[in-house]
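Working notes, beginning with the structure itself.
The values are calculated or read from the model by the stated rules, or taken from the named source; none is laboratory data. Note that the structure is predicted; figures quoted are calculated from it, not measured. Quick reminder, even Gly has a Cβ in these numbers, built from the backbone with ideal geometry, and neighbours come from all protein chains shown.
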Amino acid sequence: MQRRKFLQAAGLSATAIVTQPLLAKEHKRALKRNVAIKPLTLCTWNFHRASAKSWEVLSSGGTALDAVEQGVMVEESDLSNQTVGKGGRPDRDGEVTLDACIMDSNGNCGSVVYLQNIAHPIQVARKVMEETPHAMLAGKGAEQFAYEMGFKRENLLTPQSKAEWEAWKITSQYKPIINIENHDTIGMLAIDKNGDIAGACTTSGMAYKMAGRVGDSPIIGAGLFIDNEIGGATATGVGEEVMKTVGSFLIVELMRQGMSPQEACEEAVNRIVKKNPEYANFQVGFIAVNKAGETGAYCIQPGFSYSYYDQNGQENRPASSHL
Ligand code: GLY
């Protein structure tokens, strides 16, 4: 095939082929000049209390890893938050099952899926990372491991979530609702005073999901990915769609190739939209940060925002959307 025809078939122009590596080089140089040493934290949705906790850790000299763990724990503890941790909505059988993962600046990661009866899955995920030779534990094995690590058994189904589930059972209609309460999974990214990046992601998953369903949030690369040389990304929304494009890993790789966090989040959403003609019926949102401390966010439906905190204070930043 002639070069021009090959480029056309691949949907690329000669200019794109030539400039991409140059852009990546330029971007790397820019990052070297401008590596963020100022700490910052950002998380999906307007989880301002979680963001404030994370900032408290960072501003007192703590690590990005401690900041993201302690930040998301605020939402895991909040009984009025029915999408994360204790108080989360159950599956269709009335079981609350939790998914979480954490990743540090050395590329280490830990994850728990389908974890029951433990209020802080993110802490168990960190223990998986630090105390086992594995990256992921599931179900009964994860629960048993949590008890061995000293976590206590708790009933995670609150009276409110139980009553709503019982009302849901009357019709049993399963339809994930877009931006149901203007919050969902919490994914958090932080940069500490050393410029190191870490991330955490935790959720009770889709309300009234099939028993055994696991979403994107505990899947490293889908719900969360960190590369300390480049940046990090995390996701919220319908996990099945995020998994199909390995969204967070994709965003970090696009940043590596020279895209800004905003451009990379947009491209990740565009890939989902291109693949699924039903995109108007569900939400996916991404947030990202690069090594220079630049942030980005993008989603399918309007209504998604992210909470940001640095030395200048806290902000809730609305994300732009495909629709
Ligand atoms: N993003 C959360 C889930 O799909 O479970």
task: Being in a helix (DSSP H, G or I) and touching a Pro at 6+ places or on another chain (Cβ under 7 Å) is the filter here, so list the residues in region 143-167 that pass it.
output: Ser161, Trp165
field: Criterion (touching a residue at least 24 places away in the same chain (Cβ under 8 Å) and crowded, with 23+ Cβ neighbours inside 10 Å) met by exactly one of Ala207, Ala190
entry: Ala190
field: Members of region 234-249 that are of a type in the set (A, V, I, L, M), closer than 17 Å to Cys109 by Cα and either in contact with a Lys or Arg (Cβ under 9 Å, 6 or more places away or on another chain) or crowded, with 24+ Cβ neighbours inside 10 Å (or both)
entry: Ala235
query: From Arg49, Arg3, which residue is over 28 Å from Ser260 (Cβ atoms), modelled with pLDDT under 95 and charged (D, E, K, R)?
result: Arg3
- request: Count, please, the residues in region 195-214 that happen to be assigned to a strand (DSSP E or B), within 12 Å of the ligand (Cβ to nearest atom) and among the β-branched types (Val, Ile, Thr).
  value: 2
- request: Kindly indicate whether Thr171 is under 30 Å from Glu278 (Cβ atoms), more than 9 Å from the ligand (Cβ to nearest atom), β-branched (Val, Ile, Thr) and in contact with a helix residue (DSSP H, G or I) (Cβ under 8 Å, 6 or more places away or on another chain).
  value: no
message: If a residue must be near the ligand (Cβ under 8 Å from one of its atoms) and surrounded by fewer than 20 Cβ atoms within 10 Å (Cβ to Cβ), how many such residues does region 215-233 contain?
response: 0
